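The next block holds one structure in the form of structure tokens; read it before the comments.
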Amino acid sequence: MRHLMSPLDFSVGELNEIMNLANDIEAHPDKYAHACDGKKLATLFYEPSTRTRLSFEAAMMNLGGNVLGFSSADSSSAAKGESVSDTIRIVSCYSDICAMRHPKEGAPMVAAAKSSIPVINAGDGGHQHPTQTLTDLLTIRSLKGRLENLTIGLCGDLKFGRTVHSLINALVRYENIKFVLISPDELRIPDYIREDVLEANHVDYVQVERLEDAMADLDLLYMTRVQKERFFNEEDYVRMKDFYILDKNKMDLAGPDMLVLHPLPRVNEISVEVDDDPRAVYFKQAQYGVYIRMALILTLLEVKVC
Amino acid sequence: MRHLMSPLDFSVGELNEIMNLANDIEAHPDKYAHACDGKKLATLFYEPSTRTRLSFEAAMMNLGGNVLGFSSADSSSAAKGESVSDTIRIVSCYSDICAMRHPKEGAPMVAAAKSSIPVINAGDGGHQHPTQTLTDLLTIRSLKGRLENLTIGLCGDLKFGRTVHSLINALVRYENIKFVLISPDELRIPDYIREDVLEANHVDYVQVERLEDAMADLDLLYMTRVQKERFFNEEDYVRMKDFYILDKNKMDLAGPDMLVLHPLPRVNEISVEVDDDPRAVYFKQAQYGVYIRMALILTLLEVKVC
Amino acid sequence: MRHLMSPLDFSVGELNEIMNLANDIEAHPDKYAHACDGKKLATLFYEPSTRTRLSFEAAMMNLGGNVLGFSSADSSSAAKGESVSDTIRIVSCYSDICAMRHPKEGAPMVAAAKSSIPVINAGDGGHQHPTQTLTDLLTIRSLKGRLENLTIGLCGDLKFGRTVHSLINALVRYENIKFVLISPDELRIPDYIREDVLEANHVDYVQVERLEDAMADLDLLYMTRVQKERFFNEEDYVRMKDFYILDKNKMDLAGPDMLVLHPLPRVNEISVEVDDDPRAVYFKQAQYGVYIRMALILTLLEVKVC
């Protein structure tokens, strides 16, 4: 039995198979409509996350399965002091697979150790959110046709952004990836990513401060938010805040095939005027999130559909 | 693709078809038990409303469909500052139709503009609650046999009562409707309803202060609550509070076919001794609420059952 | 139509049939996978209880049925002042059977009186929690092969423990049951159980203060927690707290067939080192909880499976 704790749990080959399956689901959804008939997914969300939870639930329902669970810790037995280890053993009696979101890093790992059903980490604090990363990979592969030979802009808070770190870790396994790291000086990528991941893997990267300076060179741009409170001083914030807002003018600087991704929710870092640009694929990303979760559930449950 | 924002979105003819469908569902539920197999309803309740939410969920389940969603804004991404427009685009990837309850007037309309799935307004602040009105119409038509030629008492807080305003707007489209408006002076129907709806449509109405003065003339009585805090002074409240409580004595003044409706929840404005009177149909109304929502889901999804 | 309010609602003969059904479900789950197709369970939880709620939901889903409801009173119409009697009448329009958890004793009874669907008491304050007791009985009968001729240790807070009182009431109906009541002096079984239940039924019992003094004689040990705040003084607590913690050393004093049960959640009253002992069956108990609820739903809905 396998769990999913980190995007790197799967080899590049295994991931390819999962993405192939996701694309087959996209092309032939009816083929999979009863693949999980009679099976149950437990969504154990100790911390609310509507989008992620609903994506898992939609995925399981699309496969014919059922869903039970909770959407916040208040209404769970965690409030009565039960350990995650005990909860997962009980939930193993109630369901066939489980997606767990927890504010504490490592909680899904603790659960997996005692579980008799596959556990999917649906986000553990600032640590991992593997299904987001797999969603990103599937979106890129499906819409660009490849995961190799890409120049990828990562924009926003590169210091604290879990999603970005995770995506870098996942992408360095592919050939000829170049990164353009776009952030204010104080929110640059941390050394343990820059040195231990990028440089250790001989991956090309440049660091730039202004989004508009990067646009022309990118095959895709991965946007994230820069929160005001991350800046060291008000002055810097006022000077730089517009550098990291993607609008129509900045889009005009990019090539015709440059895709824009965003893990969502977005606040104002992408202007709504960009939404109708065919290169803006962040809402399509949400759809790929359902397909990859369907593929993942099938894979972990070892359900084969012919 | 159509949405439902207001009860007036449908013409009288369209509404008749939907009500015919609801009555067919009532008569032959098995015929519809798999009409929405494989389809998903999202219930996006930014404000709790158990009765309305469960009615939608029961409706979709009766059609063989699945349900996902959230029951309050705390556990939703609204807390992270996501706009309703962005949320609906994501939810469009997760489901086939959506029912949205929101404390802000117009929020479902904003959602509908960006949605790629039908949106049903399940109540937006003090503005509209169209499925309640359609439930009321179906209940009246099913139990009285008609929506024309009726003398209808509306009792309670007619000034602020959203349900009552909506029902008046819906009923003036039928022939020979007379209203008896029963309320304290300070909670009379507002001028924009009295003048612009009733008088503009040449609809007969009288205004009375005491429920017992109206009972004898009514074909049906629509009860709502008068909240203490709506009165200008304590003295008025004490003098009048019993005027608006329906009890056995007042029921004795009414004809044998006069029906009592109430949108529920009731607190004490209908005495429990009235519950067993065959003319009390407010619990049957809840059942019609499920049938009309089933008919509505089928209509908006353009699902035909032969 | 029958409801389940107390474990004693069923005769010993009826209970035997329900447990036979539960064991048949355990042996042949596929036979029952569509027994409740098209039926709906409402889970009305006015007080959160994840484990109990999920167990009911899993049970209904295993039978092919659907689930709707709420998991805390905040998001329910109770907040708007609706009575339980009114709520159940509405919910009767939405579902075929209902499980109700309520902080007030007797609330499910009030609901049952007005309900047109079967109501299962899923715990009402400190009063009853009949499906826990039926789970306990099924676990004992399935794993020991009998409910007669047993020496049963009940350990922990025997004064306030609802689960323990309920289990005693249920077990005194079987032949030759002996109880070993293990608790601090101040948390002994109350007189109305000791005199009116045990002595009135001529059931053998002894009261002991230390768990280790009891272990050797038991066929099974039912553990519950002793909360610090129940002790009269700190001194007693410090002196006695280890008496009521089950660990490997105490397990060594017991026979090879002595089973350990616990209603869960456990905090620290059973050391995790005991979990892997084959005699520790408290996680299996959770599985039996699903089977008994499946059998109960089938019985109350009068669904026969051949």
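The values are calculated or read from the model by the stated rules, or taken from the named source; none is laboratory data. These numbers come from a predicted model, not from an experiment. FYI the Cβ positions are ideal-geometry reconstructions off the backbone, even for glycines, and counts take in every protein chain you see. Calculation scope for accessible area: heavy atoms of the full protein, side chains included, ligands and nucleic acids excluded. Shrake-Rupley method; radii C 1.70, N 1.55, O 1.52, S 1.80 Å.
Key figures for this structure:
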| quantity | calculated |
| --- | --- |
| Single condition B:PRO103 does not satisfy, out of (1) modelled with pLDDT under 95; (2) in the same structural domain as B:ASN16 (by TED's automatic domain parsing); (3) crowded, with 21+ Cβ neighbours inside 10 Å | (3) |
| Residue in the stretch C:15-35 that is farthest from C:TYR94 (Cα to Cα), counting only those that are within 13 Å of chain A (Cβ to nearest Cβ) and open to solvent by less than 30 Å² (accessible area, probe 1.4 Å) | C:TYR32 |
| Subset tally (residues that are within 9 Å of another protein chain (Cβ to nearest Cβ), surrounded by 24 or more Cβ atoms within 10 Å (Cβ to Cβ) and closer than 19 Å to B:THR135 by Cα) for the stretch B:36-50 | 1 |
| Residue among A:GLY126, A:GLY81 that is over 16 Å from the mean Cα position of the chain (by Cα) and either surrounded by fewer than 20 Cβ atoms within 10 Å (Cβ to Cβ) or not assigned by TED's automatic domain parsing to the domain that holds A:ARG293 (or both) | A:GLY81 |
| Among (1) within 11 Å of chain C (Cβ to nearest Cβ); (2) without any contact (Cβ under 8 Å) to a residue 40 or more places away in the chain; (3) buried (at least 24 other Cβ atoms within 10 Å of the Cβ) - the single one A:ALA73 does not satisfy | (3) |
| Selection status of A:PRO190, under 24 Å from B:ARG89 (Cα atoms) and open to solvent by less than 60 Å² (accessible area, probe 1.4 Å) | no |
| Selected residue (only one of B:VAL84, B:VAL110, B:VAL119 is more than 14 Å from chain A (Cβ to nearest Cβ) and more than 25 Å from B:ILE189 (Cβ to Cβ)) | B:VAL119 |
| Filtered residues of the stretch C:138-147 (kept if surrounded by fewer than 23 Cβ atoms within 10 Å (Cβ to Cβ) and either part of a helix (DSSP H, G or I) or assigned by TED's automatic domain parsing to the domain that holds C:SER11 (or both)) | C:ARG141, C:SER142, C:LEU143, C:LYS144 |
| Enumeration of residues in the stretch A:193-220 that are within 15 Å of A:LEU253 (Cα to Cα) and open to solvent by 60 Å² or more (accessible area, probe 1.4 Å) | A:ARG210, A:GLU212, A:ASP213, A:ALA216, A:ASP217 |
| Among (1) in contact (Cβ under 8 Å) with a residue 60 or more places away in the chain; (2) among the charged types (D, E, K, R); (3) assigned by TED's automatic domain parsing to the domain that holds A:MET19 - the single one A:LYS114 does not satisfy | (1) |
| Pair list, Cβ under 6 Å, 6 or more apart: the stretch A:260-278 residue more than 13 Å from chain B (Cβ to nearest Cβ), other residue small (Gly, Ala, Ser) | A:VAL260/A:ALA280 |
| Failed item in (1) in contact (Cβ under 8 Å) with a residue 24 or more places away in the chain; (2) open to solvent by 10 Å² or more (accessible area, probe 1.4 Å); (3) assigned by TED's automatic domain parsing to the domain that holds B:ASN66, with B:HIS165 passing the rest | (3) |
